[in-house]
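Taking it in order: structure first as structure tokens, then the write-up.
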There are 2 protein chains.
Amino acid sequence: MEDVLKEKKVMHNFNAGPSVLPRSVFEQASKAVLNYNNTGLSILELGHRTKEFQAIMDEARSLVKELMNLDADHEVLFLHGGASTQFMQVPMNLLNENETAAYADTGVWSSKALKEAKLYGNVKVVCSSKEANYNFIPKDFTVPGDSKYFHITTNNTIYGTQWQSIPKVDVPLVADMCSDIFSRQRDFNSFALIFAGAQKNMGPAGVNLVVVDKNILGKVDRALPTIMDYRNHIKEGSMLNTPPVFAVYVSLLTLQWLKQQGGIDAIEKINNQKAEMLYSAIDNSTLFQTTAVKEDRSKMNVCFVMKDPSLEKQFLDVAEQHGIYGIKGHRSVGGFRASLYNALPLSSVNYLIEVMKEFEKNY
Amino acid sequence: MEDVLKEKKVMHNFNAGPSVLPRSVFEQASKAVLNYNNTGLSILELGHRTKEFQAIMDEARSLVKELMNLDADHEVLFLHGGASTQFMQVPMNLLNENETAAYADTGVWSSKALKEAKLYGNVKVVCSSKEANYNFIPKDFTVPGDSKYFHITTNNTIYGTQWQSIPKVDVPLVADMCSDIFSRQRDFNSFALIFAGAQKNMGPAGVNLVVVDKNILGKVDRALPTIMDYRNHIKEGSMLNTPPVFAVYVSLLTLQWLKQQGGIDAIEKINNQKAEMLYSAIDNSTLFQTTAVKEDRSKMNVCFVMKDPSLEKQFLDVAEQHGIYGIKGHRSVGGFRASLYNALPLSSVNYLIEVMKEFEKNY
Ligand SMILES: Cc1ncc(COP(=O)(O)O)c(C=O)c1O
Ligand SMILES: Cc1ncc(COP(=O)(O)O)c(C=O)c1O
Ligand SMILES: [Mg+2]
Ligand SMILES: [Mg+2]
Ligand SMILES: [Mg+2]
Ligand SMILES: [Mg+2]
């Protein structure tokens, strides 16, 4: 055990969110807090109505367009609030009181989302894996053709499941992509609305990415609060009010980094590799096992437990001692969760696997 | 002109928001982005459900309580979104459809606030200085005793006016304190609800401070979206969902700095001094004059114009050349606005005055 486990030079951050970002991003952000781009000003004191911040916002929005290969109908917004705000904002903007929205219930986040939608209209839960503690993605369901939209959570952060393919439906598709945005290719233009809090694959906590097909807006009867109406944010270029300047800036840095890596295609290959390595290590181990059904396993959040639960505390301690951070599973699943977001180096996955193997050998 | 104007060693940030923060805060924040408190982790990748972040949130909330001398009924929340979100959230939580809220219309921000309230109930504008381009604070008005609440904007950022004393009313008082929070003493316990975006006197853009008397909550009939119900945030200790971690952390640093300065009493003295210095320089100048009525002048935002408007461009250029930043007035008032927030050093005010005097001598 000695060799591998003694050294604790770097932290290996497997936290589910907020999460690891590229080291170069931390370095640039740290500098900008002292002196942004040689302006003599901290990024934290920079006015948002300046050419400097306008350039940050513009580049961030256009990089998202480029990386996701979005068409002209899709608008990119950086909004205040976490994804939980979108649980309300989506139905408020899209669903009339007498209309019905379809939801797939694949975890706590889906179920929180559909709860909010009920305040604005009717909700039809077209499928659910709740009975199986959300350990799989439902495949056999139909979405009524008169649904105003169909809401899915592409990756279920807590349970380690992921929609490997997006269901073909005839109604506008809305996706909570909090925990797999920018990690793999999707046909992003096939979505009417995508939202994601920054704090997994895009940046620090404190800003929401919203990608919306502008053609679906303006079709509800209710009067919308100014700050909740996506159209106002589009009209004002995502600067309807003071934006979360620093969170947008760090998101831009992370998007620039992603582009330098080769974009989503390139990162997806590495993400596949990281996930395969870890899942196969777990599958080949005598101590550990995964919780999600194999075909629906998430490439972002690997959830696993120990066959002998009494050993879990011990492994967690060993992991912690060795700089493996944020690996404790969500209380509703237990065990462990290793989040393998874009910025988590392959070497950290290797390290975790070695620690698991050493543990297996020695305990 | 030479001596004073040639040197541009430091920037003097008079921006109205986002705004200058203490240098020591920038330095601590910059370090934390690389390595928070020797955890080996960036503050940007730190999980919010950790003992480290819990300590940040707890200390930030209790420092607000301490600095504002709040009683046990008043809860402190750090919420997502800018103050514009509060324009909606306040009436949503406090005003029934058939009830009336009273608003004082003292500027664009008041008028935006009351517009949102109309979506939730009736609004009575009990006074307005709109006809005078908001250059004064109304004194002669009554607030009907059956108003659900009375909303004021304590400092009008754009027009440079400020309520020097808070009107005594028999109904719950709600205050937008965005631009004078923590800058002067008020009887904070006399307010039912106070909100302020961080980006003037408290921290970076991207978090809202809300101080609320919990006794006024739970009295509306409408079903509230989970994320909009203040009670949920109180119950969850201001961590209902992923908070804007970094913005809360930098706010904490700024609050710690304020406490080190001697708290609100001490900073108020300096703020008074800064405002008096600048106003008297303007009053004594032949070129410049203020726009707000004297008795209502803001101690935070000093709005002034030139008697000969054709000189304004020239002065702005000179100011900019000499590191005087963010001094352009809002387009609805024109001229100049020097914001003298807590973290703006007295030396910057002195410097601005010298530049004005030199300009007056030479042009
Ligand atoms: C898939 C998913 N949706 C929504 C959320 C809620 O995000 P927030 O805390 O930003 O509101 C999370 C948080 O982890 C998530 O993983
Ligand atoms: C007094 C006042 N209220 C509200 C706002 C709006 O704040 P935000 O841009 O954070 O929504 C401002 C912005 O400057 C303000 O000065
Ligand atoms: Mg989930
Ligand atoms: Mg989660
Ligand atoms: Mg104003
Ligand atoms: Mg303003």
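Laboratory data are not the source of any read-out in this text; all were calculated from the coordinates shown. Source: prediction; values computed, not measured. Counting neighbours? That spans all protein chains shown, and the Cβs are built from the backbone with ideal geometry, glycine included.
Data table
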item	result
Inter-copy label distances at B:N122 (7 Å, Cα→Cβ; nm, one decimal)	3.5
Inter-label distance, nm, simple model (7 Å from Cα along the C-beta direction), B:N37/B:K361	5.1 nm
Global size of region B:164-259 as Cα Rg and Dmax, reported in angstrom	14.5, 42
Rounded if a/c under 1.5, otherwise prolate or oblate - chain A, Cα gyration tensor axes	oblate
B:V302 long-range amide H proximity, modeled H, under 5 Å	B:A338, B:S339, B:L340
Residues whose placed amide H lies under 5 Å from that of A:T161, excluding near-sequence neighbours	A:N156, A:S298
Net dipole in debye of the protein assembly as shown [+1 Lys, Arg Cβ; -1 Asp, Glu Cβ; about Cα centre; nearest 20]	100 debye
Cα gyration tensor shape for region A:153-214, rounded if a/c is under 1.5, else prolate or oblate	oblate
Computed [θ] at 222 nm, deg cm²/dmol, chain A (DSSP H ≥ 4; -39,500 (n - 2.57); rounded to nearest 500)	-11000 deg cm²/dmol
Prolate/oblate/rounded label for region A:263-362 (Cα gyration tensor, a/c 1.5)	prolate
Relative contact order %, chain B, counting alpha carbon pairs below 8 Å whose residues are six or more apart	24 percent
Across the identical copies, how the A:S111 labels are spaced - nm, sorted shortest first, 7 Å along Cα→Cβ	4.8
DSSP H segments from chain B that extend 20 Å or more along their own axis, Cα-based, with Kyte-Doolittle mean of 0.0 or above	B:245-261
Stokes-Einstein translational diffusion, region A:92-218 - Kirkwood Rh over all Cα pairs, 1.306 mPa s, 10 °C, in µm²/s	107 µm²/s
Estimated inter-spin distance, A:E354 and A:N215, nm [label 7 Å along Cα→Cβ]	5.3 nm
Charge dipole (debye, nearest 20) of region A:1-99; +1 at Cβ of Lys and Arg, -1 at Cβ of Asp and Glu	520 debye
Rounded to 5, percent antiparallel among DSSP beta bridges of the protein assembly as shown	55 percent
Stokes-Einstein D in µm²/s, Kirkwood radius over Cα pairs - region A:54-166 at 10 °C with 1.306 mPa s viscosity	102 µm²/s
Local electrostatic count, A:V123, Cβ distance below 14 Å [Lys/Arg +1, Asp/Glu -1]	0
Charged-residue dipole, Cβ positions (Lys, Arg, Asp, Glu), region B:263-362 about Cα centre, Debye nearest 20	160 debye
Other-chain or far-sequence residues with amide H under 5 Å of B:K328's (modelled H)	B:R337
Kirkwood hydrodynamic radius of the protein assembly as shown, Cα pairs, Å	26.9 Å
